[in-house]
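Worksheet: the structure to be examined is printed underneath.
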Amino acid sequence: MPETGTEIPLHMSQRVMVCPHCDCPAIQEVKGQVIVPKDDPEDHESPDFEYTLLRCTDCREASLQVRELWLFASLNEVTKFAYPARRQLSLDVPKELRREFEEARTCFDAKAYTATVVMVRRTLEGIGVDNNITERPLARQIDRMRTEGLIDQSIAEWADSLRALGNQGAHYTGRQVSREDANDAVDFAEALLDHIYVYKKRFAAFKKRAQTTQTPTATAS
């Protein structure tokens, strides 16, 4: 791995990917690169970040790609675009689930809509496994998430709709998955991950702070 916190000498390198501007597979010229280290070098639970400035050889627009660099888990590295801006999942979401979700996004960007909903379904399964809910089939897993309070009834309905759409993608039915359905699947999956790993955790921390800072009321005489 290159030395962190310093610019990396470039050697006329190129990358091939779907351009986030023109939405087409194209060669991206690497124009600059820097690695920003985590605050604590001994913290192996957080990644360093590699920032790469790219320019599309087709539309000539510039983009900024960010890659997570994990010391002991290179297969779990997540690559995304910081510019043009697109909301990214919080690091509170486990890296394995972020990897599955980013693959769903990658499939969507490549217009592989059937593969998108299959990856969303894998993300759903991963949420259950990460929370020690391993029943099969997935419908039973979702019901367990609801009965154990991990999700409420309305979000359980979202998850079950994603499960059904994922089944359509995983099995040959002669029907194509539409762009709109694939887009909704990605959006709903993102909302589900935020709900479970970000907002529930943040609300619990909020309630804990409120309890510790609350002034006891005087007892009526």
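The values are calculated or read from the model by the stated rules, or taken from the named source; none is laboratory data. Just so it is clear, the model here is predicted, and its values are computed rather than measured. All Cβ positions, glycine included, derive from the backbone under ideal geometry; neighbour counts span all protein chains shown. Ligands, DNA and RNA are stripped out before the accessible areas are found, and what is left, the full protein with its side chains, is counted by its heavy atoms. Shrake-Rupley method; radii C 1.70, N 1.55, O 1.52, S 1.80 Å.
The set of residues in region 196-210 that are closer than 15 Å to Ile155 by Cβ and open to solvent by 40 Å² or more (accessible area, probe 1.4 Å) comprises Tyr199, Lys200, Phe203.
Test Thr116 against the stated conditions and say whether it is closer than 19 Å to Leu162 by Cβ and either in contact with a strand residue (DSSP E or B) (Cβ under 6 Å, 6 or more places away or on another chain) or surrounded by 19 or more Cβ atoms within 10 Å (Cβ to Cβ) (or both). Yes. Of all residues in region 160-178, exactly one satisfies the criterion of being of a type in the set (A, V, I, L, M, F, W, C) and assigned to a loop (DSSP other than H, G, I, E, B), namely Val177. Among the residues of region 126-143, those identified as more than 19 Å from Lys201 (Cβ to Cβ) and either touching a strand residue (DSSP E or B) at 6+ places or on another chain (Cβ under 9 Å) or buried (at least 18 other Cβ atoms within 10 Å of the Cβ) (or both) are Leu138, Gln141, Ile142.
In region 91-110, the residues that are on the phi > 0 side of the Ramachandran plot form no Cβ pair under 6 Å with any partner that is open to solvent by 30 Å² or more (accessible area, probe 1.4 Å) and hydroxyl-bearing (Ser, Thr, Tyr), whether six or more places apart or across chains.
Of all residues in region 34-51 being closer than 29 Å to His21 by Cα and free of Cβ contacts under 8 Å to residues at least 24 places away in the same chain, which is least open to solvent (accessible area, probe 1.4 Å)? By that ranking, first place goes to Glu50.
When residues in region 124-159 are screened for being farther than 23 Å from Arg99 by Cα and assigned to a loop (DSSP other than H, G, I, E, B), 3 of them pass. Among the residues making up region 130-142, a single one is under 22 Å from Glu190 (Cβ atoms) and more than 22 Å from the chain's Cα centre (by Cα): Ala139. Screening region 171-195 for residues that are farther than 15 Å from Glu103 by Cα and polar (S, T, N, Q) and picking the one that is least open to solvent (accessible area, probe 1.4 Å) gives Ser178.
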